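Below is one structure, written out as structure tokens, with a few remarks after it.
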């Protein structure tokens, strides 16, 4: 089984699905001639041509609008937003159009689009290349929100998203693109949307997270293991719909919950997970539910010290684990 980087796994998924299904197409800013700002679509134009790999104007509302129109006429578009920071102009198309088509047509029309967007900080990108926008989409029925953390899942979840009959927001943490390498099968396979993964078994604390923070959490869990603290790391993988069964099963075993995400604290997915646990597993808790997230300030500054102060780290997660274990 070959080893691929995260970005190579994304490219492999697009190649395989475009080869298998002529209705799959890619569109977005610089996805064709340039091959994408991170080269996720590099080589697709030469293989599949300008009718299936389409450079668009710099207008995100048009990118998603075109994808919706193509989907309603039998295509399966994968729309790339260069950075998640720029998805906001397309929110009306995503929330008011794509997410509602099946419901408002009583099932006569489906909208099988995927909107890919790199997100997250830690690359010195400043205000408009560092945001985490996923929580904007985790309260809209009709959408799915997916965030992989490994190359294997990146390919399998993207293929599953392309084949899904409903719109999928597919966020990819920029720090993972070339820092993560792993075994990825050749050919097509899927990872189920809506299912979390246990990345590390544990008995004392359940730690819920996704994306880059999965790797930070695993480092922290390894660190505290030598201190006798056993942490179970749950990779959510899908933020909407959440895998409620996996979340509750873990906390009922450990009796303590720590939720970690790079997104701002207020309004982040941690609040929804906290409510879920409080409502359905309160009697199992031995400590208050703890959230660890980025501070409630505007997006990450370009200044390296300020970025480091804003960003979570394995050290910050380790400190939170120790505090919760000692409760």
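The values are calculated or read from the model by the stated rules, or taken from the named source; none is laboratory data. In this text the structure is predicted, and so the values were computed from the model without any measurement. We place every Cβ from the backbone using ideal geometry, glycine too, and count neighbours over all the protein chains shown.
Under the condition of being in a loop (DSSP other than H, G, I, E, B) and within 17 Å of the chain's Cα centre (by Cα), which residue from the stretch 266-310 is surrounded by the most Cβ atoms within 10 Å (Cβ to Cβ)? Quick ask: steps written out before the conclusion?
To start, the set of residues in the stretch 266-310 that are in a loop (DSSP other than H, G, I, E, B) comprises 266-268, 281, 285-289, 295-303.
If we keep only those that are within 17 Å of the chain's Cα centre (by Cα) too, we end up with 267-268.
On the way: 267: 15, 268: 22.
Among them, the one singled out is 268.
Residue-level check: of (1) in a strand (DSSP E or B); (2) within 14 Å of the chain's Cα centre (by Cα); (3) closer than 30 Å to residue 285 by Cα, residue 213 misses just (1).
Considering each residue of the stretch 106-150, count those that are on the phi > 0 side of the Ramachandran plot and touching a strand residue (DSSP E or B) at 6+ places or on another chain (Cβ under 8 Å), and give that number. Total meeting the criteria: 1. Only one entry in 161, 220, 196 is in contact (Cβ under 8 Å) with a residue 40 or more places away in the chain and out of contact with any helix residue (DSSP H, G or I) (no Cβ under 6 Å at 6 or more places or on another chain), namely 161. Which members of the stretch 60-83 meet the condition of being more than 19 Å from residue 162 (Cα to Cα) and out of contact with any helix residue (DSSP H, G or I) (no Cβ under 7 Å at 6 or more places or on another chain)? Within the stretch 60-83, 62, 83 qualify. In the stretch 88-102, is there at least one residue being assigned by TED's automatic domain parsing to the domain that holds residue 126, under 17 Å from residue 139 (Cβ atoms), touching a strand residue (DSSP E or B) at 6+ places or on another chain (Cβ under 9 Å) and not in a helix (DSSP H, G or I)? Within the stretch 88-102 (the criterion being assigned by TED's automatic domain parsing to the domain that holds residue 126, under 17 Å from residue 139 (Cβ atoms), touching a strand residue (DSSP E or B) at 6+ places or on another chain (Cβ under 9 Å) and not in a helix (DSSP H, G or I)), the answer is no, since none of the residues qualifies.
So, of the residues in the stretch 101-113 that are touching a residue at least 12 places away in the same chain (Cβ under 8 Å) and more than 15 Å from residue 69 (Cβ to Cβ), which turns out to be surrounded by the fewest Cβ atoms within 10 Å (Cβ to Cβ)? Don't jump to the end; show me each part of the working.
Within the stretch 101-113, the first condition is being touching a residue at least 12 places away in the same chain (Cβ under 8 Å), and the residues that meet it are 101-103, 109-113.
Next, only the ones that are more than 15 Å from residue 69 (Cβ to Cβ) stay: 102-103.
On the way: 102: 18, 103: 11.
The residue in question is 103.
Look at residue 308 and say whether it is modelled with pLDDT of 95 or more and out of contact with any strand residue (DSSP E or B) (no Cβ under 8 Å at 6 or more places or on another chain). Working first, answer last.
Values: modelled with pLDDT of 95 or more: no; out of contact with any strand residue (DSSP E or B) (no Cβ under 8 Å at 6 or more places or on another chain): yes.
The answer is no for residue 308.
So, residue 35, is that one farther than 27 Å from residue 142 by Cα, surrounded by fewer than 22 Cβ atoms within 10 Å (Cβ to Cβ), without any contact (Cβ under 8 Å) to a residue 12 or more places away in the chain and within 22 Å of the chain's Cα centre (by Cα) or not? So residue 35 passes the test. Consider the stretch 10-32 and keep the residues that are assigned to a loop (DSSP other than H, G, I, E, B) and surrounded by fewer than 18 Cβ atoms within 10 Å (Cβ to Cβ). The one that is nearest to the chain's Cα centre (by Cα) is 30.
Residue under question is residue 165, and the condition is that it be more than 16 Å from the chain's Cα centre (by Cα), more than 18 Å from residue 37 (Cα to Cα) and not assigned by TED's automatic domain parsing to the domain that holds residue 215; does it hold? Walk me through it before giving the result.
Working: more than 16 Å from the chain's Cα centre (by Cα): yes; more than 18 Å from residue 37 (Cα to Cα): yes; not assigned by TED's automatic domain parsing to the domain that holds residue 215: yes.
Considered against the rule, which asks whether it is more than 16 Å from the chain's Cα centre (by Cα), more than 18 Å from residue 37 (Cα to Cα) and not assigned by TED's automatic domain parsing to the domain that holds residue 215, residue 165 comes out as yes.
State whether the residues of the stretch 156-178 include one that is at pLDDT 95 or above and closer than 16 Å to residue 1 by Cα. Scanning the stretch 156-178 turns up at least one residue that is at pLDDT 95 or above and closer than 16 Å to residue 1 by Cα.
Considered as a group, the residues in the stretch 59-81 that are in contact (Cβ under 8 Å) with a residue 40 or more places away in the chain and in a helix (DSSP H, G or I) include one that is surrounded by the fewest Cβ atoms within 10 Å (Cβ to Cβ), and that residue is 70.
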